[in-house]
Structure formats: C-alpha cells, structure tokens
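Novice: Handing you this structure, nothing more for now.
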C-alpha cells in the first residue's frame with residue numbers, strides 16, 4: 001500500500017479531468033489538440049484550486065440589475081493575487097487561470113530550466129518586481145539583497161510537470177523572498193518523489209494541485225509514463 005501524500009497535496013478526482021489527462025498522454029495528438037487539452041484541464045484544476053484558497057467578500061458599492069433591482073456586488077479575497085507561469089510550458093495554462101479569476105491580475109513570468117548534467121534548476125529570466133537572491137540560497141534573501149518587497153497575498157504558480165521538484169522548490173524560495181504569503185502550485189502531472197519534496201519546502205504556505213500522479217522518474221529526470229516535454233509538444237520544438 002502506497003504511503004499517503006502530504007496534507008498540502010491535492011490530486012483531482014474529477015472524472016472529466018482524469019479522462020482528458022489520459023487523452024493528453026497520447027503521443028499521436030497534434031500541438032493544437034495538446035494546447036486545447038491543457039487549457040481544459042487547467043480550467044477544471046484551477047477552479048478546484050481557487051475554490052479552496054479564495055473567499056467571497058461583499059463590495060460596499062450598490063449595483064443595479066437590468067430590471068433595476070438593487071444588489072450588493074461580490075468579489076474575491078484576497079485581492080492581491082499574482083500569476084507566475086514557469087516558462088515556457090506554463091504559458092499553456094495561463095489563459096485558463098486568467099479566465100477563472102473575475103478580475104485581471106499581474107502576471108510575472110519566471111524562466112527556470114534544468115542543467116542537463118546535474119538536473120539542478122537554473123534561472124534564466126525573471127520579471128518579478130525586484131531583484132531577489134540566487135535560487136541556490138536556501139536560507140532566503142539577505143537584507144542587502146532586498147528592495148523592501150511589497151507583501152503579496154497569493155501567488156499562483158503554473159508549472160505543468162513536477163518531476164524531481166527542483167524547479168518548484170526554487171520557485172517557492174524565490175517567491176517567499178518576493179513577499180508571497182501563500183503559494184498555490186497548479187500542475188498537470190507530478191512524480192511522487194518530486195511532489196513530496198515540493199510539499200515539504202513550505203508546508204504551511206504552499207498548496208499543490210495536480211491532475212494526476214505517476215510513481216517513477218527515469219535517470220534523465222523525466223516522469224514515467226508521463227506526458228513527454230510539454231513545452232516541445234506545445235511549440236513543436238521536439239528534437240531542437
């Protein structure tokens with residue numbers, strides 16, 4: 001019997017999502033079909049993740065319906081939300097999450113890749129709003145590295161695959177230094193060892209939402225049976 005996952009890990013049981021994830025595994029589908037399935041899976045998974053992390057608040061503004069009846073406007077809390085797609089594959093999930101949220105929120109792109117030999121994460125791009133320390137600094141930013149970050153209530157990270165967990169744990173460290181109070185990680189698929197590693201990084205501040213989980217990772221750090229390279233499948237760059 002497999003040991004239970006950490007309490008901050010959630011794997012969807014939605015039947016339609018599970019069926020769509022199975023379709024996404026098919027190597028024969030086109031890039032267009034891949035993009036559509038990722039969007040649809042992200043919509044379902046995003047609804048589940050945000051329902052658990054957001055709440056409804058009433059606005060002070062009185063509104064009128066088309067029949068001229070008054071009603072109280074409702075909105076979501078927290079209002080200070082940012083979306084963090086991990087380049088490049090996280091871009092395939094972005095539109096779905098933007099559609100779920102009732103208002104436009106900032107999108108901060110973060111570029112991390114794995115070094116081919118060590119499989120350790122390497123940062124190559126960030127448009128977070130201040131310079132944060134190297135991802136190798138496990139203790140977080142030094143005071144000299146900071147530029148007095150504003151508190152960010154919620155960061156929603158879009159990273160389709162969690163294999164060894166290095167990219168996500170690096171992202172968590174960066175966002176903690178950036179001022180995030182809570183982080184939601186939305187992923188299509190994860191491997192058990194990577195999921196457990198990410199879940200331990202900040203147990204009280206991170207919630208991980210996945211469409212599915214596979215048990216194994218091969219010597220190249222690829223999830224088995226997995227989904228292949230999502231970025232290559234989306235952008236038709238396999239073998240480049």
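The values are calculated or read from the model by the stated rules, or taken from the named source; none is laboratory data. All of these numbers come straight from a predicted model, not from anything done at the bench. Neighbour counts are summed over all protein chains in view; Cβ atoms, including those assigned to glycine, are modelled from backbone coordinates with ideal geometry.
Residue-by-condition table, conditions (1) modelled with pLDDT of 95 or more; (2) under 28 Å from residue 125 (Cα atoms):
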position	(1), (2)
13	yes, no
35	yes, yes
40	yes, yes
43	yes, yes
63	no, no
71	no, no
76	no, no
87	no, yes
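Novice: Return the only residue of 144, 148, 153, 240 being part of a helix (DSSP H, G or I), more than 12 Å from the chain's Cα centre (by Cα) and at pLDDT below 95.
Specialist: Of 144, 148, 153, 240, the one residue that is part of a helix (DSSP H, G or I), more than 12 Å from the chain's Cα centre (by Cα) and at pLDDT below 95 is 144.
Residues are listed down the side, and each one gets a yes or a no for (1) surrounded by fewer than 15 Cβ atoms within 10 Å (Cβ to Cβ); (2) on the phi > 0 side of the Ramachandran plot; (3) in contact with a helix residue (DSSP H, G or I) (Cβ under 7 Å, 6 or more places away or on another chain); (4) outside any strand (DSSP E or B):
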residue: 68; (1), (2), (3), (4): yes, yes, no, yes
residue: 92; (1), (2), (3), (4): no, no, yes, yes
residue: 97; (1), (2), (3), (4): no, no, yes, yes
residue: 103; (1), (2), (3), (4): yes, no, no, yes
residue: 117; (1), (2), (3), (4): yes, no, no, yes
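Novice: A further question follows. For segment 188-196, check the following and say yes or no: at least one residue is closer than 18 Å to residue 111 by Cβ, in contact with a strand residue (DSSP E or B) (Cβ under 9 Å, 6 or more places away or on another chain) and not in a strand (DSSP E or B).
Specialist: no
Novice: Scanning segment 198-235 for residues that are out of contact with any helix residue (DSSP H, G or I) (no Cβ under 6 Å at 6 or more places or on another chain) and part of a helix (DSSP H, G or I), which turns out surrounded by the fewest Cβ atoms within 10 Å (Cβ to Cβ)?
Specialist: Top of the filtered list is 200.
Novice: So which residues in segment 11-30 are surrounded by 14 or more Cβ atoms within 10 Å (Cβ to Cβ) and closer than 19 Å to residue 237 by Cα?
Specialist: Passing the criteria: 24, 25, 29.
Novice: A further question follows. Would it be correct to say that residue 75 is more than 21 Å from residue 12 (Cβ to Cβ) and surrounded by fewer than 11 Cβ atoms within 10 Å (Cβ to Cβ)?
Specialist: It is false that residue 75 is more than 21 Å from residue 12 (Cβ to Cβ) and surrounded by fewer than 11 Cβ atoms within 10 Å (Cβ to Cβ).
Novice: Right, another one. Look at residue 3 and say whether it is in a loop (DSSP other than H, G, I, E, B), closer than 22 Å to residue 226 by Cα and either touching a helix residue (DSSP H, G or I) at 6+ places or on another chain (Cβ under 6 Å) or modelled with pLDDT under 95 (or both).
Specialist: In short, yes.
So that you can scan it fast, the table gives a plain yes or no per residue for (1) within 23 Å of residue 179 (Cβ to Cβ); (2) at pLDDT 90 or above:
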{"residue": "94", "(1), (2)": "yes, yes"}
{"residue": "100", "(1), (2)": "no, yes"}
{"residue": "109", "(1), (2)": "yes, yes"}
{"residue": "112", "(1), (2)": "yes, no"}
{"residue": "133", "(1), (2)": "yes, no"}
{"residue": "140", "(1), (2)": "yes, no"}
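Novice: Now for a different question. Out of curiosity, is residue 57 part of a loop (DSSP other than H, G, I, E, B), without any contact (Cβ under 8 Å) to a residue 24 or more places away in the chain, exposed (fewer than 15 other Cβ atoms within 10 Å of the Cβ) and more than 21 Å from the chain's Cα centre (by Cα)?
Specialist: no
Novice: Among 230, 186, which is the only one that is within 24 Å of residue 82 (Cα to Cα) and modelled with pLDDT under 95?
Specialist: Sole residue among the options that is within 24 Å of residue 82 (Cα to Cα) and modelled with pLDDT under 95: 230.
Novice: Could you tell me whether residue 126 is closer than 22 Å to residue 162 by Cα and surrounded by fewer than 12 Cβ atoms within 10 Å (Cβ to Cβ)?
Specialist: Against the criterion (closer than 22 Å to residue 162 by Cα and surrounded by fewer than 12 Cβ atoms within 10 Å (Cβ to Cβ)), residue 126 does not qualify.
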